[in-house]
1. Could you count how many residues in region B:315-356 are of a type in the set (S, T, N, Q), surrounded by 23 or more Cβ atoms within 10 Å (Cβ to Cβ) and under 26 Å from the mean Cα position of the chain (by Cα)?
2. For region A:64-75, name all the residues that are at the interface with chain B (Cβ under 7 Å from one of its Cβ atoms) and either touching a residue at least 12 places away in the same chain (Cβ under 8 Å) or open to solvent by 70 Å² or more (accessible area, probe 1.4 Å) (or both).
3. Kindly indicate whether B:ARG135 is among the basic types (Lys, Arg), modelled with pLDDT under 95 and within 13 Å of the chain's Cα centre (by Cα).
4. Would you mind stating whether B:LYS411 is of a type in the set (Lys, Arg), in contact (Cβ under 8 Å) with a residue 12 or more places away in the chain and open to solvent by 40 Å² or more (accessible area, probe 1.4 Å)?
5. Determine which member of the set A:ILE31, A:ILE61, A:ILE21 is more than 8 Å from chain B (Cβ to nearest Cβ), within 13 Å of the chain's Cα centre (by Cα) and open to solvent by 60 Å² or more (accessible area, probe 1.4 Å).
6. Is it the case, given these coordinates, that B:PHE426 is open to solvent by 30 Å² or more (accessible area, probe 1.4 Å) and either at the interface with another protein chain (Cβ under 8 Å from one of its Cβ atoms) or in a helix (DSSP H, G or I) (or both)?
7. Filter region B:68-87 down to the residues that are open to solvent by 20 Å² or more (accessible area, probe 1.4 Å) and in a helix (DSSP H, G or I) and list them by number.
8. Going residue by residue through region B:47-67, is there one that turns out to be in a helix (DSSP H, G or I) and open to solvent by 30 Å² or more (accessible area, probe 1.4 Å)?
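The values are calculated or read from the model by the stated rules, or taken from the named source; none is laboratory data. These numbers were taken from a predicted model, which means no experiment stands behind them. Virtual Cβ from ideal backbone geometry, glycine too; neighbours counted across all protein chains shown. Note: accessible area is taken over every heavy atom of the protein model, side chains too, but ligands, DNA and RNA are not part of it. Shrake-Rupley method; radii C 1.70, N 1.55, O 1.52, S 1.80 Å.
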Amino acid sequence: MEKEKTHLFDKPQNVKRLLIIFFSTVILLFILDFFVHKHAHFPFETWPVFYAIFGFVACVILVLVSRFVLRPLVKRREDYYE
Amino acid sequence: MSNVMPPFVIFILGALVIPFLNERVRSVYVVALPVVGFINLLLIPVDTLMTVNFLDYQLTLVRIDRLSLAFGYIFHIAAFVTAIYILHVRKNLEYVAGFIYSGAALGAIFAGDLFTFFVFWETLTVGSVMLIWARCTKRSSSAGFRYLMIHVTGGLSLLAGIVMMVNETGSIAFGNIGLTGLSSWLIFFGFGVNCAWPFLHTWLTDAYPEATIGGTVFLSAFTTKTAVYALARAYPGTELLIWIGVVMAAFPIFFAVIENDLRRVLAYSLVNQVGFMVVGIGIGTELAINGAVAHAFNDILFKGLLFMSMGAVMYRTGKINATDLGGLYKSMPWTAGFCIVGAASISAFPLFSGFVSKSMVMSAAGEGHMVGVWLVLLFASAGVFHHAGIKIPFFAFFGHDAGHRVKEAPKHMLIAMGITAFLCIFNGTFYKPLYAVLPYPALYEPYTLSHVVTQTELLFYSALAFTLLLLSGIYPAEIRAVNIDFDWFYRKPLNAFVNGVALCLNGFNRTMDRLLVRELTGAVNEVATNAMAIVAWAIMSPFVKKGVPLGPGQGSLKTRVDLAFATGTSPVGLFAACAGLFIVMLFVFI
């Protein structure tokens, strides 16, 4: 049998590389934030790394609420409406 | 002027020709039709009105102004790419329904009076339900029926509002209405149904994922955007819309995170994106309306692109649930790439289309000092990246390899996705042409260092949350399940109520039918037929013995009485005849 071609993310080192690039960008953005003058509508927008913290916290809350509050409330068997 | 025609005419009359073409000619024809329509639209000068007289009214079939024109352009583009996308379809139904549907949307946005608008608004429902039913499954037929019921309800509310309004004002003009009296509220509600407002949104999340592969791409472009247009036309600056929009932007992302059907995830994110537009209309400043229109324009492209990529996955693998997919980048790299472009655009990455339009609505909220609104929209921006930006491409194309080894999407699908992806990047990078077609002069500058950095920060830290939650195993695993939503109320309790009522009333009906119609009537009939025999026997019975034969070869007296009355040979007949004769004689001689 013909062996299947190895794809980009079949190699663990490629996944690792991607994660390293990603985490470096995250850190870079964190540092960059202190050097950028912000046009703000609200005072809290100028707080250092406001957007970073907001983005992170918002998504954690989103996932936790979806998983632990919403899903137990609304999940039904796949044939529920059949 | 004489050589141009109303934009909807080309689509709707054009659709009726489709069944008479063979497949090869049809392929060219359906792609050419929107191009012809677009050229026709370009030839019509701005501020044109095309009117006809109908009964006592003058109908404005076409009103081209800057607001309707922006929608007109994007509707033509959407019809064009979708027509290319569905070229694999052999049956005529989808093409005809698709063009009648998009033609109706064009008719509605260019309608200058309420009557014309209503006619196209209803045609929109008819065309779209055909695209759902065209899937020809049991689920699609019942979802289509529910879809129809809800839209008919919205349509009736709109009709009632229009009739009352025309009665009050004597005018059928379709312009700024604003919330004033009952009629305006009814119209507002009618628009709201098509706009998928909270609690009214379930027709969308219920039915869109049940439509055909191409049908969903058509559907994602027209119904909600026509409603956005209608709200922008009639209710700009209505504060209630801000709050409706905020709820729309926020709540669907929670459902999208736990939803397994990837097209349903996109349906929820469609509601979420329309929320941004509705907020913009509610704010009502020039910047906000521009933002709403620009975002509608871009949303049609990137949402179409995402639905197309998921459609291609479904076309090749036959699966659409996240639990059945994964690792498809190996066999469908182009589709994966286009999907990522759509995902980046909806998430508003710099250089992608969402970046230049969503931020206008956000800035308008900021300029109005609406802290709460602004924060919820920022939350929704982070959330949309989470479910549409990451979840869709990740679960379909990366993540756990589900082992599908399929062919890349067909060429025509790749071309359609390629054109749309190009437009998503073009609008995000060279935003001036887009800003030039907006209703008001666009002075907004999206590419400031501050905006680019803060937005990138927001998105990367959202992605960080996703990555960490996924690596730590907290991220909710996809589960084969149905998540109930507001449609539960009419699919379960209302259904049970209807069944219960049907059981009671039909049971009552059946009982009454048996008692009154069959038994009582039969009994009365029998008594009436045998009345004479019964009376005669009742009179005779004290004098004769029951059941005793009168003689050899003869039955009992009762049998003879019955027989005599049944054959009309009873002595009573003779007496009656004598009596009758006597009366005749009296009449003749006296």
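1. Going residue by residue through region B:315-356, those that are of a type in the set (S, T, N, Q) are B:317, B:321, B:323, B:331, B:335, B:345, B:347, B:353.
From the residues that got through so far, the ones that are surrounded by 23 or more Cβ atoms within 10 Å (Cβ to Cβ) too are B:335, B:345, B:347, B:353.
Narrowing the set further to residues that are under 26 Å from the mean Cα position of the chain (by Cα) leaves B:345, B:347.
Total satisfying the criteria: 2.
2. Taking region A:64-75 as the starting set, the residues that turn out to be at the interface with chain B (Cβ under 7 Å from one of its Cβ atoms) are A:65-67, A:70-71, A:74-75.
A:ARG67, A:LYS75 - these are the residues of region A:64-75 that are at the interface with chain B (Cβ under 7 Å from one of its Cβ atoms) and either touching a residue at least 12 places away in the same chain (Cβ under 8 Å) or open to solvent by 70 Å² or more (accessible area, probe 1.4 Å) (or both).
3. Working: among the basic types (Lys, Arg): yes; modelled with pLDDT under 95: yes; within 13 Å of the chain's Cα centre (by Cα): no.
No; evaluated as a whole, the condition is false for this residue.
4. On the way: of a type in the set (Lys, Arg): yes; in contact (Cβ under 8 Å) with a residue 12 or more places away in the chain: no; open to solvent by 40 Å² or more (accessible area, probe 1.4 Å): yes.
Answer is no for this residue.
5. Working: A:ILE31 fails: within 13 Å of the chain's Cα centre (by Cα); A:ILE21 fails: within 13 Å of the chain's Cα centre (by Cα).
Exactly one of A:ILE31, A:ILE61, A:ILE21 is more than 8 Å from chain B (Cβ to nearest Cβ), within 13 Å of the chain's Cα centre (by Cα) and open to solvent by 60 Å² or more (accessible area, probe 1.4 Å), namely A:ILE61.
6. Working: open to solvent by 30 Å² or more (accessible area, probe 1.4 Å): yes; either at the interface with another protein chain (Cβ under 8 Å from one of its Cβ atoms) or in a helix (DSSP H, G or I) (or both): yes.
Judged against the criteria, B:PHE426 is a match.
7. Within region B:68-87, B:TYR73, B:ILE77, B:PHE80 meet the criteria.
8. Initial filter on region B:47-67 (in a helix (DSSP H, G or I)): B:66-67.
Then drop every residue that is not open to solvent by 30 Å² or more (accessible area, probe 1.4 Å), which leaves B:66.
Yes; the residues of region B:47-67 include at least one that is in a helix (DSSP H, G or I) and open to solvent by 30 Å² or more (accessible area, probe 1.4 Å).
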